[in-house]
1. Name the single residue, out of those in the stretch 53-85 being open to solvent by 90 Å² or more (accessible area, probe 1.4 Å) and at pLDDT below 70, that is nearest to ALA10 (Cα to Cα).
2. So which residues in the stretch 1-44 are among the β-branched types (Val, Ile, Thr) and either in contact with an Asp or Glu (Cβ under 7 Å, 6 or more places away or on another chain) or touching a residue at least 60 places away in the same chain (Cβ under 8 Å) (or both), if there are any at all?
3. Return the pair list, or none, for Cβ contacts closer than 6 Å from residues in the stretch 47-70 that are β-branched (Val, Ile, Thr) to residues that are modelled with pLDDT under 95, at least 6 apart or on different chains.
4. Filter the stretch 15-29 down to the residues that are open to solvent by 40 Å² or more (accessible area, probe 1.4 Å) and touching a Gly at 6+ places or on another chain (Cβ under 7 Å) and list them by number.
5. If the requirement is being basic (Lys, Arg) and within 11 Å of ARG75 (Cα to Cα), which of these qualifies: ARG38, ARG22?
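The values are calculated or read from the model by the stated rules, or taken from the named source; none is laboratory data. This structure is a prediction, so every number in the text was calculated from the model and none was measured. Please note: Cβ atoms are built from the backbone with ideal geometry, for glycine as well, and neighbour counts cover all protein chains shown. Each accessible area value is taken on the protein alone, full model and side chains, heavy atoms only, with ligands, DNA and RNA left out. Shrake-Rupley method; radii C 1.70, N 1.55, O 1.52, S 1.80 Å.
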Amino acid sequence: PRPEPVAVEAAGAGDAPPLLFRWRRGLHRVVAAEGPERIAPPWWQALSATEAPLPPARDYYRVEDAEGRRFWLFRLCPAQGDVVQGGAVQGTDDDWFLHGLCT
């Protein structure tokens, strides 16, 4: 029901999915991935946001590990105006979450 944090132990370059992540004490080596697919609040809400800040955008990935298990992961994107390197979103280990399992 709620996204769970995952520890990324080997990150892909730029906006690539993680190469290796740990979730619930299990280590998962990513062998296939699709994404990113960015989900963000509508731009017009950002223009009129005067009370509470909008939630950050998320980049979603569908990944498969070496055992054939499929996961739906996302990374929080930096807020607009944050510095990014080389024009790509740079995630940190704390920015990744598991949102669901794919069947």
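1. Filtering first and then ranking leaves GLN85.
2. So the first thing to find is which residues in the stretch 1-44 are among the β-branched types (Val, Ile, Thr), and the list is 6, 8, 30-31, 39.
VAL6, VAL8, VAL30, VAL31, listed by residue number.
3. VAL63/PRO17
4. As a first pass, look at the stretch 15-29 and keep what is open to solvent by 40 Å² or more (accessible area, probe 1.4 Å): 15, 19-20, 22, 24-25, 27, 29.
Residue satisfying the conditions is LEU19 alone.
5. Details: ARG22 fails: within 11 Å of ARG75 (Cα to Cα).
Being basic (Lys, Arg) and within 11 Å of ARG75 (Cα to Cα) holds for just one of ARG38, ARG22, which is ARG38.
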